[in-house]
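Enquirer: Have a look at this one before I ask anything.
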Amino acid sequence: RIPVTIQPSGQRALLTGDNSAAPQIDFLENPDLVRPGDRVVSSGDGGLFLAGLLVGQVAMGADPRLRVRLAADYERLD
């Protein structure tokens, strides 16, 4: 789980991997303030990642959950 911030609303959440190309957004404070296309950045909480690193954009999943379309193509990373 990675703590993230969703911009521009400033909502904090956890990004949870589920072995899919679009991880889930969990523990969102107020989902009504989040829209598809909003930027998802690292929050810096927990000290694992610096704050403000681009993670991706909010997307709607096939299920009713909010997900993140990742900015990086992890299939091409070594």
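Enquirer: Filter the range 9-23 down to the residues that are open to solvent by 50 Å² or more (accessible area, probe 1.4 Å) and closer than 13 Å to ASP38 by Cα and list them by number.
Expert: Once the filter is applied, which keeps residues that are open to solvent by 50 Å² or more (accessible area, probe 1.4 Å) and closer than 13 Å to ASP38 by Cα, the range 9-23 yields only ARG12.
Enquirer: Does ASN19 satisfy the criteria of being of a type outside the set (A, V, I, L, M, F, W, C) and at positive phi? Talk me through it step by step, then tell me what you get.
Expert: Values: of a type outside the set (A, V, I, L, M, F, W, C): yes; at positive phi: yes.
Yes: the conditions hold for ASN19.
Enquirer: For residues in the range 43-59 being farther than 11 Å from ILE6 by Cβ and in a loop (DSSP other than H, G, I, E, B), which is least open to solvent (accessible area, probe 1.4 Å)? It would help to see each step written out before you state the result.
Expert: Residues of the range 43-59 farther than 11 Å from ILE6 by Cβ: 44-54, 59.
From the residues that got through so far, the ones that are in a loop (DSSP other than H, G, I, E, B) too are 44, 48-53.
Working: GLY44: 27, LEU48: 126, PHE49: 93, LEU50: 131, ALA51: 70, GLY52: 47, LEU53: 81 Å².
Per the stated criteria, the residue is GLY44.
Enquirer: Scan the range 26-42 for residues that are within 10 Å of the chain's Cα centre (by Cα) and either touching a residue at least 40 places away in the same chain (Cβ under 8 Å) or open to solvent by 80 Å² or more (accessible area, probe 1.4 Å) (or both) and jot them down.
Expert: ARG39, SER42
Enquirer: Might you check whether a residue that is exposed (fewer than 13 other Cβ atoms within 10 Å of the Cβ), within 11 Å of THR5 (Cβ to Cβ) and under 14 Å from the mean Cα position of the chain (by Cα) occurs anywhere in the range 60-77?
Expert: no
The values are calculated or read from the model by the stated rules, or taken from the named source; none is laboratory data. The structure displayed is predicted, hence computed values, not measured ones. Quick reminder, even Gly has a Cβ in these numbers, built from the backbone with ideal geometry, and neighbours come from all protein chains shown. The accessibility values were calculated without ligands, DNA or RNA, using every heavy atom of the protein model including side chains. Shrake-Rupley method; radii C 1.70, N 1.55, O 1.52, S 1.80 Å.
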